[in-house]
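As structure tokens, the structure follows; a few thoughts come after it.
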Amino acid sequence: MLAAHLRSHQVSRVIYGSIIGLALVLVLQSHPPSAGAALASLLGTAVAVALAELYSDLVGAEVSEGRRIDRRAVVAGLDDAVAVAFGIAFPCVFIVLAVTGVIELDTALRVARWTGLGLIVVYGVIGAVLTGQRLPRALAEGVALGLIGAALIALKSLVH
């Protein structure tokens with residue numbers, strides 16, 4: 001199942017969602033709400049962006065094809081929307097720990113930031129490996145993607 005996922009279009013949707021989730025985590029870290037509000041913000045964003053993704057894809061398909069879309073297209077759109085929502089909501093794992101008092105919200109947001117970045121790097125490495133790149137080259141590509149994410153984190157830290 002994992003291999004099928006890694007070779008699917010959903011990988012790009014998870015990465016897209018992860019970037020949105022990482023950006024939201026950075027905002028939450030700069031202006032920390034309560035842990036419950038942070039959790040609601042991430043989950044609400046995941047649902048809103050996933051539904052916007054689904055709606056825009058379905059309407060776009062109808063317009064470009066000039067006909068009503070079928071059930072198969074709706075299911076495919078739902079798969080993409082769920083992948084985007086997963087990428088955005090991934091940091092919720094750590095925020096739930098803050099909501100339950102296991103860790104502080106600041107710690108949860110810090111861990112979420114770095115694991116979100118790690119998720120982007122891992123997908124970059126796996127993507128490169130699946131295209132036939134040797135491991136050193138794949139690692140370099142993953143690290144390059146990670147450096148872009150780290151630059152975003154550094155820029156955000158300098159601004160706030």
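Coordinate-derived values only; no laboratory data. Remember, it's a predicted structure, so these values are computed and weren't measured experimentally. With ideal geometry, Cβ positions are generated from the backbone for all residues, glycine too; neighbour counts draw on all protein chains shown.
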- Message: Anything in the stretch 61-84 that is under 15 Å from His9 (Cβ atoms) and either small (Gly, Ala, Ser) or in contact with a Gly (Cβ under 6 Å, 6 or more places away or on another chain) (or both)? List them, or say none.
- Response: Ala61, Ala73, Ala76, Gly77, Ala81, Ala83, Val84
- Query: Is the stretch 64-85 home to any residue that is closer than 22 Å to Thr45 by Cβ and acidic (Asp, Glu)?
  - Reply: yes
- Query: Can Ala128 be described as more than 17 Å from the chain's Cα centre (by Cα), under 21 Å from Val11 (Cα atoms) and among the hydrophobic types (A, V, I, L, M, F, W, C)?
  - Reply: yes
